[in-house]
1. Go through the stretch 140-157 residue by residue and tally those that are in contact (Cβ under 8 Å) with a residue 40 or more places away in the chain and not basic (Lys, Arg).
2. Go through the residues of the stretch 146-161 one by one and say whether even a single one is touching a Pro at 6+ places or on another chain (Cβ under 9 Å) and among the charged types (D, E, K, R).
3. Going through the stretch 139-162 one residue at a time, which ones are under 21 Å from the mean Cα position of the chain (by Cα) and over 11 Å from Leu120 (Cα atoms)?
4. Among Thr165, Thr186, which is under 18 Å from Ser210 (Cβ atoms), hydroxyl-bearing (Ser, Thr, Tyr) and either more than 21 Å from the chain's Cα centre (by Cα) or not assigned by TED's automatic domain parsing to the domain that holds Ser128 (or both)?
5. Please determine, by comparing only the residues of the stretch 132-180 that are among the hydrophobic types (A, V, I, L, M, F, W, C) and in contact with a helix residue (DSSP H, G or I) (Cβ under 8 Å, 6 or more places away or on another chain), which one is nearest to Ser199 (Cα to Cα).
6. Output the qualifying pairs, or none if there are none: Cβ atoms under 9 angstrom, residues six or more apart or on different chains, first residue in the stretch 42-54 and within 15 Å of Glu21 (Cβ to Cβ), second residue among the basic types (Lys, Arg).
7. Can you tell me which residue within the stretch 4-58, out of those that are modelled with pLDDT of 85 or more, assigned to a loop (DSSP other than H, G, I, E, B) and touching an Asp or Glu at 6+ places or on another chain (Cβ under 6 Å), is surrounded by the fewest Cβ atoms within 10 Å (Cβ to Cβ)?
8. Would you please name the residue that is modelled with the highest pLDDT, looking only at residues in the stretch 62-95 that are surrounded by fewer than 20 Cβ atoms within 10 Å (Cβ to Cβ) and polar (S, T, N, Q)?
Amino acid sequence: MAENPSFDSLQLLPGQPLQLEIEGYTNERDRSVLVGYRPGKSIIVTTPVVHGHPITLKLETAINVRLFANKINGACAFKTHVIHVSISPFPHLHLAMPNKLYLGEVRKFLRARVNIHATLVFEGERSSGEIIDLSIAGGRLRTRAQAFENGEKVSVITKLDLGVTEKVMRLQGIVRSFVLDDQRGTCTLGLQWLKPEDSDIIALQAFVLSRMHDNPY
C-alpha cells in the first residue's frame, strides 16, 4: 500500500459494506453498499434506507465514509460530498473522490452494532443489561431504568466471541450520556472506557473490526 494511497488502490469490490455519517442528517451512522466507482471521478453507493424509505439528500451534502478494507486488513475513512442523486434503476448516490484516506488511526472511532449480554456494576449493585453498540473507546449499554449522572463511574462485565476463543471483559467506564425510556422502563448509557488493559484493547479492536466487516453500523 502506498504511503498516500488513493481510493482506487483499495481495490474494493461491489457489495463492500460502508458506514455513512451524513452531515446535518443524523448522529448515527447509516448503512450503505458500494455499487462501483469511476477511477478518479466518483464513487457510487446505495442510498441509506430509514423506515423502509431511502433518505433524501441534497447535492454537496458532506459525508464521512468508513469501511473495513481487506486490501489493508484494517479500517479506512475519508471525507466526501454528494455530487449526484439518482432513484433509477434504484436509489443511489454519486460521491466525490476523496483527496485523502485515513488509515489505521480511525479504528478506535469505529462502532459495531451488537447485542451482547452484560452486567453493569454501579455503587456496589449489579444489574443485567445489553451492549447495543461497541467501540474501542466506549459503547452504549441498555439496562433497567435507574438514575445516573454524567461523569459517574461504572463497571461493565461481558464476554466477547472472538471466533476461536471467548474473552471475558471487565471494563471500567465513565457515563457520558444518559437517556431514559419511561415506556420500556429502561435507560441507555453512553460510556467511555477508562484505561482498558492492552489485552482488552486488542480484543475490542478484533471484535469491532470483524463485526463491522460482517454487519456494518
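The values are calculated or read from the model by the stated rules, or taken from the named source; none is laboratory data. Please read these numbers as outputs of a predicted model, since none were measured by experiment. Neighbour counts run over all protein chains shown; Cβ positions are idealised from the backbone, glycine included.
1. Just the residues of the stretch 140-157 that are in contact (Cβ under 8 Å) with a residue 40 or more places away in the chain, to begin with: 140-146, 148, 153.
Restricting the remaining residues to those that are not basic (Lys, Arg) gives 141, 143, 145-146, 148.
So the answer is 5.
2. Filtering the stretch 146-161 down to residues touching a Pro at 6+ places or on another chain (Cβ under 9 Å) leaves none.
Checking the stretch 146-161: not a single residue is touching a Pro at 6+ places or on another chain (Cβ under 9 Å) and among the charged types (D, E, K, R).
3. Result: Gly139, Arg140, Lys159, Leu160, Asp161, Leu162.
4. On inspection, the qualifying residue turns out to be Thr165.
5. Here is the first cut: in the stretch 132-180, the residues among the hydrophobic types (A, V, I, L, M, F, W, C) are 132, 134, 136-137, 141, 145, 147-148, 154, 156-157, 160, 162, 164, 168-169, 171, 174-175, 178-180.
Of the ones still in play, those that are also in contact with a helix residue (DSSP H, G or I) (Cβ under 8 Å, 6 or more places away or on another chain) are 134, 136-137, 160, 162, 169, 171.
Working: Leu134: 16, Ile136: 12, Ala137: 14, Leu160: 13, Leu162: 13, Met169: 10, Leu171: 12 Å.
Per the criteria, the residue is Met169.
6. Pro48/Arg31
7. It comes out as Pro39.
8. Result: Ser86.
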